[in-house]
Amino acid sequence: MSADAVLSASVVRGFARRLLAWHPIHGRSDLPWQGSRDPYRVWLSEIMLQQTQVVTVLGYYQRFLERFPCVQDLAAAPLDEVLGLWSGLGYYSRARNLHRCAIAVVERFGGFPSTAEQLQSLPGIGPSTAAAIASFCFSERAAILDGNVKRVLARVLAFDGDVGTSAGHRQLLAYAQQLLPPADCMPVYSQAIMDLGATVCLPRQPQCGVCPLAGLCKARRQDQVTHYPLKSRKIKRSSVRLWLLWAVRADGAVWLARRPESGIWGGLYCLPVFESAQALLQGLPERLHPTVQEQPAFLHALTHRDLHLHPMQVVVDGRRDRLGQGQWCKPDELPGLGLPAPVRKLLTV
């Protein structure tokens, strides 16, 4: 479909109508954030679900709500506590932005604003998240365009633009906006199109036989369903080796340093990270070198990168010894700290 194409009247009339009829019977209804018109709960779920599977999010979502029942509670909490609860969920910039956003919501608006335009002015809220909150909670006719929705639209429309580019995204968004139902149908419609992409219009094995949009789907008529969406830009997987200084005292305290906000494990407390064993040793007093013991290396897989981690353990007998920037943390302090998942696992085995 070219950039200047006009959607047919039959597609515009039938698209939303079919989704709205399908969802009450076949859509998901068992997820804890579904059906909520509370912008705090919708926002929290949308941020957690970015780059993360539903099954992983469920436990974190419940724990966050138990500790921070409302946005005011989250805004008043220390960042370290937020990072501690987020630990293991990955993409930690989301947690930092979550905290910043909560503060901005309270200080600037006294609560969540009701339009997608205002929501996008908040930290960590992009166009699709803003549209989700606005459509679910305030019935605004705003089009969600996450990965699942892009796939549904690209297949139904046989959209030949590259959805990985800004131009392709803008074109698809314009078509998505044309297909929206009246405002009072937006909460159900938004959930329906997201559910369809998550459960039926799957990336590799789409269930076209049970899809309510099958009769409208151009990609199905062309027998090219898995050809769409077109996305030329692919992120190559990489790997890196890192050495971790695992310094412990006789009382069980561990030396931890806060990571820079940018880069891997941003803002978390972590065992000091080095690019080589030699660099690690250079940062230690020479008297400790003979006591360093290399522990078994292990793999920690991120979305697009494999981390080969090499823990180097050393026992420090001086209670006041300092090993560069950082601090000694006692075992009972670790549960409340934001730690990278592999480091937390290493320290609690």
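The values are calculated or read from the model by the stated rules, or taken from the named source; none is laboratory data. These figures come from a predicted structure and were not determined experimentally. Glycine gets a Cβ as well: all are built from the backbone with ideal geometry, and neighbour counts include every protein chain shown.
Applying the set (1) assigned to a loop (DSSP other than H, G, I, E, B); (2) of a type in the set (Ser, Thr, Tyr); (3) touching a residue at least 60 places away in the same chain (Cβ under 8 Å) to Ser262 leaves exactly one unmet item: (3).
Filtering region 203-229 to residues that are over 18 Å from Leu7 (Cβ atoms) and in contact (Cβ under 8 Å) with a residue 40 or more places away in the chain leaves Pro203, Pro206, Val210, Gln224, Val225.
Within region 1-22, residues that are within 16 Å of Leu173 (Cα to Cα) sit with their Cβ atoms under 9 Å from residues that are at pLDDT below 80 and not small (Gly, Ala, Ser), at 6+ positions apart or across chains, in these pairs: Leu7/Met1. For region 188-205, a residue qualifies if it is more than 22 Å from the chain's Cα centre (by Cα) and surrounded by fewer than 22 Cβ atoms within 10 Å (Cβ to Cβ), and the qualifying residues are Val188, Gln205. From the list His289, His300, His310, the one residue that fits, being farther than 30 Å from Gln50 by Cβ and surrounded by fewer than 17 Cβ atoms within 10 Å (Cβ to Cβ), is His289.
Here Val240 passes the criteria (1) assigned to a strand (DSSP E or B); (2) of a type in the set (A, V, I, L, M); (3) over 32 Å from the mean Cα position of the chain (by Cα) except the one numbered (3).
Could you tell me whether Arg170 is assigned to a helix (DSSP H, G or I), at pLDDT below 95, of a type outside the set (Phe, Trp, Tyr) and surrounded by fewer than 18 Cβ atoms within 10 Å (Cβ to Cβ)? Answer is yes for this residue.
Counting only residues that are among the small types (Gly, Ala, Ser) and touching a helix residue (DSSP H, G or I) at 6+ places or on another chain (Cβ under 6 Å), region 184-236 holds 6 of them. Filtering Gln295, Gln282 for residues that are modelled with pLDDT of 90 or more, not aromatic (Phe, Trp, Tyr) and not assigned by TED's automatic domain parsing to the domain that holds Ala95 leaves a single hit, Gln295.
Only a single criterion out of (1) at pLDDT 95 or above; (2) farther than 24 Å from Phe159 by Cβ is not satisfied by Phe15, namely (2). Applying the criterion of being modelled with pLDDT of 90 or more, surrounded by fewer than 19 Cβ atoms within 10 Å (Cβ to Cβ) and charged (D, E, K, R) to the residues of region 250-278, the residue that is nearest to Gln325 (Cα to Cα) is Arg258. Residues that are over 19 Å from the mean Cα position of the chain (by Cα) and either crowded, with 24+ Cβ neighbours inside 10 Å or in a helix (DSSP H, G or I) (or both) within region 114-133 comprise Ala116, Glu117, Gln118, listed in sequence order.
Here is a list: Cys101, Cys137. Which entry is buried (at least 18 other Cβ atoms within 10 Å of the Cβ) and touching an Asp or Glu at 6+ places or on another chain (Cβ under 9 Å)?
Cys137
The residue list Tyr40, Tyr92 contains one member that is touching a residue at least 60 places away in the same chain (Cβ under 8 Å), under 20 Å from Ala132 (Cα atoms) and of a type outside the set (Asp, Glu), which is Tyr40.
Only one entry of Ala219, Ala297 meets the criterion of being out of contact with any Ser or Thr (no Cβ under 9 Å at 6 or more places or on another chain) and among the small types (Gly, Ala, Ser), and that entry is Ala297.
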